[in-house]
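Here is the structure we will look at.
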Amino acid sequence: MKSARQIFIGGMLAAAVMAVAPSAWTQQINGTPGSPDATVTIDGKQIPPPPMPFGGVIKESVKDSTPYWPPRVVAPKGAPNILLIMTDDQGYGISSTFGGVIPTPAMDRVAKAGLRYTQFHSTALCSPTRAALITGRNHHTVGAGVVGELATGYAGYDSIIGPEHATIGEILKENGYATSWFGKEHNTPTFQYSLAGPYDQWPSGMGFEYFYGFMGGETDQWTPYLFRDHTQIFPWIGRKDYNLTTDMADEAVKYLHSMNAVAPDKPFFLYYVPGGTHSPHQPTKEWIAKIHAMHLFDNGWEKLRDTIFANQKKLGVIPPDTQLTPWPDGQAALGGAKLPRWDSLSLIQKKLYIRQAEVFAAYAAYTDYEIGRVIQEVQDQGKLDNTIIIYICGDNGTSPEGTLEGTYNTLTAYNGILTIPEPLQLLHYEDWGSDKTYPHMAVGWTWAFDTPFKWTKQVASHFGGTRQGMAISWPGHISDVGGIRTQFHHIIDIVPTLLEATGIKAPELVNGIPQKPIEGVSMAYTLDPAAAGPNAPSKHETQYFEMVGNRAIYHDGWVAATTPPVAPWMLGATMPELGDYHWELYNIAKDYSENNDLAAQQPDKLKEMQALFLTEAGKYQVFPLDNSGFVRVLAPKPSATAGKTEFTYTGVNAGIPFGNAPSILDKDYTITAEITVPKGGAEGMIVTLGGRFGGYGLYLLKGKPIFTYNLLDMERFRWEGGVGGRVGADLFGRALAPGKHTLVFNFKYDGPGPGKGGTGVFTVDGKEMASKKIAHTIPLIMTVDETFDIGLDTGTGVDNSYQLPFKFTGTIDKLTIKLGPSQMSAADKKAAEEAYAKVNN
């Protein structure tokens, strides 16, 4: 008779065996079954696979039992390592690989060992391209119809990659790959940045086992908003030579080195996406000096365009009959867009604009150099022969968000300040690109770097916004190394290409969730001409494009596209109704650069293409179309703090994302800090948001209470004590005495409308210390990459009077922030949103 324990154990085993889907384990186990070294490849239809039944024997005594280890899941035999690289805000004419004047030897290396693709496309904007890249689905399909900061409550625009759209990271991880993500992370919804999570939309929740990078669309490279997995880190503290571009390569090399030591046979998938060259443009001074010595931009942007165009023809990365599209001089065919001619500029303007281009180019070259170090590590490990490298130059066209004049602080542009006094710009000429600036360049350079095409980043209707240079190398799989491929492809084609290259199938179930089909087409047929020929017809026959109302449709060598009614750098213009956009028609099989509009000559073809766009848009969640642009930045979004008007904190709380912090913009507010000063006095930051390029801080400096308001690094306002009256036992302006104190900063806003001034009154223990009226405040956005910090300052300082991290040495008993209602009328709010729309991404 069996004991109760035997019955229990036997029942458990039987239930476990019955619960398993046997087909998931039909592939052959390698090694001795049940031994610690046993491995298995899976069919991949269901990931993770169900648990295997216990294959040993369990008796009451271990001496009568047989142990059993479930086999480890490994990648298919011979599966290659994968290094997937993508830079930021770089159009087709930037890299030397595709005719640009900026040296990119790492990309050149990949191209010479593999292939260059001359008709590869993005979505025209940051996080939409990235969402499409890692899922293999169109950006609207995975909720990324626009950047996450502008999410709205529609399926194609909510910034959420649903569980029915598993990423390539998740697929490869569950099939035996080591997966990692280094660099820009612009796919987590902005309302999920905090420690409250959830983390399903962070890299770890998307299948990437290790993450080292920054959250959001951009960050200061000297003091980045940096995370290791879920933890914010500050590696720059105490390192005067720190720059994230080098640090990220260092970390990737260390990761690869460690992986090779602990699991040399395990294939890796490393997703490497540096911030270069998104603003702020911040290379090291050594790289700026290198580029400056080359004198690449002395002749201006039109001559630069001619040089790039000639280089592209020599390299064969554009057809020999390609035409250079016109410079935007206000013609209707370019939606009235107009950029100044170089010869119309003053000598001072030319000097400043050349500096802007040199810093941008230095950032691009620097970024490529550090990418080369990562590639070299793979070679040094002897793994290059079994590694597929995909290097995509840019997630969209070059950025126009630096305004017509460029800016030493991009936050000025983000707040609709498009003209900065020339003396203030020149004040930063020598330190342009350093930690003292947060810069971007003039749009004339942007247009030139998108040669030979029209338009720029944000414009999905034209190749200036969507055509990216791409190179792929895979030793042993490409016979005509150094070749060129002209097939039409899109960012959604990377995932199916990698799956075919690894021999891994797209799963049907992931974590129990049925998967939606991958929408891209594998490019593997283009790799070996012996299989299909270098000029084989493209298998990607149809592709829609849409961003903020600008639309296009590609089909079988034809493109229909809307004319952008407003240039991305033109503010204040009224957008037309979506149905009133003008449409253009191009036969790109004969007109590579989209120079010859055939809409008037072939109206029936245009109607056919317009109808196809509507069909594709309906299929991929593009509706409802919305050309309100980046007005959606202020649209309500899920948040743990949404609607709150009073915030209370105690003790130290650093690293709160600005989206979860109280916003003092365009309203009355009161900040009350109840603190205890210990014997010997106290100093340090009590509360701050933002930093060097815009923000505020309430702190004690050598014991003296101070409130500083930084108006976008253009002007600073400071409230502090003066002689007269007493605070405790001390004169105003002197250190606070030990004991409890209450500091209050009360601001009355001179609304309605955005960016108005107001009057701030600073009191300590109920007695007025200082009152000051200011003419202007920050209207729209105070920071994009710094946090709300209580008890210390984790980013940059609001002024130069203190050293970071400036920890408060007293005790914060209670901090209260009370907000009045927004003083922007509906009309004011819409106007402010539209201004913000044109410059921020």
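The values are calculated or read from the model by the stated rules, or taken from the named source; none is laboratory data. For clarity, every value in this text was computed on a predicted model and none was experimentally measured. So basically every Cβ, Gly included, is an ideal-geometry build from the backbone, and we count neighbours across all protein chains shown. Note: areas computed on protein heavy atoms with side chains; ligands, DNA, RNA excluded. Shrake-Rupley method; radii C 1.70, N 1.55, O 1.52, S 1.80 Å.
Things worth noting here:
- Rounded to two decimals, the Cα radius of gyration of region 209-254 over 2.2 N^0.38 Å is 1.08.
- Kirkwood-type hydrodynamic radius, region 419-473: 13.7 Å, calculated from all non-identical alpha-carbon pairs.
- Dipole size of region 129-206 about its Cα centre, with +1 on Lys/Arg Cβ and -1 on Asp/Glu Cβ: approximately 180 debye, rounded to the nearest 20.
- Taking the convex hull of Cα positions in the chain, its mean projected area over all directions (nm²): 40.3 nm²
- Note on region 447-518: Cα-Cα pairs beyond 15 Å make up 70% of the total pair count.
- Surface share of carbon and sulfur [accessible, 1.4 angstrom probe, percent] for region 32-126: 59 percent
- Estimated at 0.36 nm per residue, the fully extended path between residue 37 and residue 539 surpasses their Cα-Cα distance by 176.5 nm.
- DSSP beta bridges fully contained in the chain are about 75 percent antiparallel.
- Ranking by accessible area, most exposed first, for 61, 822 with a 1.4 Å probe: 822, 61
- Local electrostatic count, residue 578, Cβ distance below 11 Å [Lys/Arg +1, Asp/Glu -1]: -3
- Cα-based shape type of region 53-152, given that a ≥ b ≥ c are square roots of the gyration tensor eigenvalues and the cut on a/c is 1.5: oblate
- Potential lengthening of the chain between residue 200 and residue 258 amounts to 18.2 nm, from the contour at 0.36 nm per residue minus the alpha-carbon distance.
- Fraction of C-alpha pairs exceeding 25 angstrom in region 571-701: 58 percent, rounded to a whole number.
- At the listed q of 0.17, 0.18, 0.22, 0.23 Å⁻¹, the Debye profile of region 209-333, built from one uniform point per Cα, gives log10 I(q)/I(0) equal to -1.01, -1.04, -1.24, -1.31.
- Computed FRET value (nearest 0.05) for residue 610 with residue 574, which takes r as the C-beta separation and R₀ as 30 Å: 0.80
- Candidates 628, 578, 334 compared by Cα position along the dipole of the chain: farthest toward the positive end lies 628, with charges placed on Cβ.
- Contour excess over end-to-end distance, with Cα ends at residue 718 and residue 62 and 0.36 nm allotted per residue: 228.6 nm
- Dimensionless Rg ratio for region 378-489, taking C-alpha atoms and the 2.2 N^0.38 Å reference: 1.47
- Ranking 697, 367, 555 by Cα position along the charge dipole of the chain, where only Lys, Arg, Asp and Glu carry charges on their C-beta atoms, puts 697 farthest toward the positive end.
- Within-11-Å neighbourhood charge of residue 564 [Cβ basis; K, R +1; D, E -1]: +1
- Rough spin-label spacing in nm, given labels placed 7 Å along Cα→Cβ, for residue 341 and residue 602: 3.4 nm
- Taking Cα centre as origin and charging only the Cβ of basic (Lys, Arg, +1) and acidic (Asp, Glu, -1) residues, the dipole magnitude of region 439-576 rounds to 320 debye.
- Dipole of region 180-251, positive direction: furthest Cα of 194, 206, 230, with charges on the beta-carbon: 194
- Lys, Arg +1 and Asp, Glu -1 on Cβ, resulting dipole of the chain about Cα centre, debye, nearest 20: 1300 debye
- Accessible area of residue 541 in the full protein assembly, 1.4 Å probe (Å², nearest 10): 110 Å²
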